[in-house]
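**Q** Sharing a structure here in structure tokens format.
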Amino acid sequence: MATRIEEDDDDVPALSAQTLAALREFIAEQRDAEKEGTEEEGEVALVTEDWRLSQFWYDRNTAETLVEEIRFLSDCSQPPSPSVACISCPTLYAYLKKIEPDIPAQILEFDKRFGQYGEDYIFYDYNLPEELPLSLKHSFKIIVADPPYLSKECLEKVTKTISFLAKPQDSRLLLLTGEVQKERALELLNVRPCGFRPQHSNKLGNEFLLYTNYNPQGSTWRLGANT
């Protein structure tokens, strides 16, 4: 999940009755399409994006490329495979469980529709960054995070969540967020953009980057490449 707009708590617009009616009709149509949709070969079926939650799913290539990197990190670790924390990135979680079902993973997500994943699902509100089960504290060597808003406040709070989840030593972080967060991401998490450019099924207006705190495996993933 990702949002490509800055938060603004002031002057929240009210919708007219006509707009609300159109919105309800649109949501109903989306739900019908979701029920009727079929999963193409190699693709993963996801619930419909809810624009009210600023949801934008990764495209297939992005999701599969991230899974490949997680597989590489997992293979480099001592068995058993380290657990992966997917913070606000349900597309990645869904592809990871389809392609590499033996790699343990947790999905931390505000949208309770993802409760369909059972015990792997953890309700997560970035406004309460450390209100998580104590059993998760310092439990993850691999963390992938996609902060839901492009604001300093959101990134600061997600940073607290990452610190709560990460193993104290040698944890690997992949952060997916906008280019506008480059300096903040470096300051808060010591991550730098690499050469890979994540893409979404619905095109976004903001430049979107992948940041890591380590040197990724592929030559096009080099830290700082093409940035």
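**Q** Taking 0.36 nm per intervening residue step and subtracting the Cα-Cα distance, what contour gain separates residue 136 from residue 170 on full extension? Please report the intermediate quantities before stating the final value.
**A** Values: separation 34, 0.36 × 34 = 12.24 nm, distance 1.67 nm.
Gain on extension, residue 136 to residue 170, equals 10.6 nm.
**Q** Compute, for the range 91-222, the length of the dipole vector about the Cα centre, with Cβ point charges of +1 (Lys, Arg) and -1 (Asp, Glu) only. Units Debye, rounded to 20.
**A** Numbers: 17 positive and 17 negative charges, 69 e Å.
That gives the range 91-222 a dipole magnitude of about 340 debye.
**Q** By the scheme Lys and Arg +1, Asp and Glu -1, what is the net charge of all other residues having a beta-carbon under 10 Å from that of residue 142?
**A** +2
**Q** Additional query: In the range 173-202, which residues have a backbone nitrogen under 15 Å from the label point lying 7 Å from residue 152's Cα in the Cα-to-Cβ direction?
**A** Residues 180-189 fall inside that zone.
**Q** On the protein heavy atoms, probe 1.4 angstrom, tell me the percent of accessible surface of the range 101-144 carried by carbon and sulfur.
**A** Details: 1210 of 2330 Å².
Here it works out to 52 percent.
**Q** Put a dot 7 Å past each Cα toward the Cβ at residue 76 and residue 190; how far apart are the dots in nm?
**A** 1.6
**Q** Which lysines does residue 182 reach when only Cα atoms under 19 Å apart count, and residues fewer than 8 places away in its own chain are ignored?
**A** 152, 157, 160
**Q** Taking a probe of 1.4 Å, how large is the accessible area per residue of the range 59-161, in Å²? Each step should come with its number before you reach the end.
**A** Values: 4420 Å² over 103 residues.
For the range 59-161, the per-residue accessible area is 43 Å².
**Q** In Å, what is the Rg of the alpha-carbon atoms in the range 74-206, and how long is Dmax?
**A** Rg then Dmax for the range 74-206, in Å: 14.4, 41.
The values are calculated or read from the model by the stated rules, or taken from the named source; none is laboratory data. Computed from a predicted structure; not experimentally measured. Counting neighbours? That spans all protein chains shown, and the Cβs are built from the backbone with ideal geometry, glycine included. The area values use the complete protein model at the heavy-atom level, side chains included, leaving out ligands, DNA and RNA. Shrake-Rupley method; radii C 1.70, N 1.55, O 1.52, S 1.80 Å.
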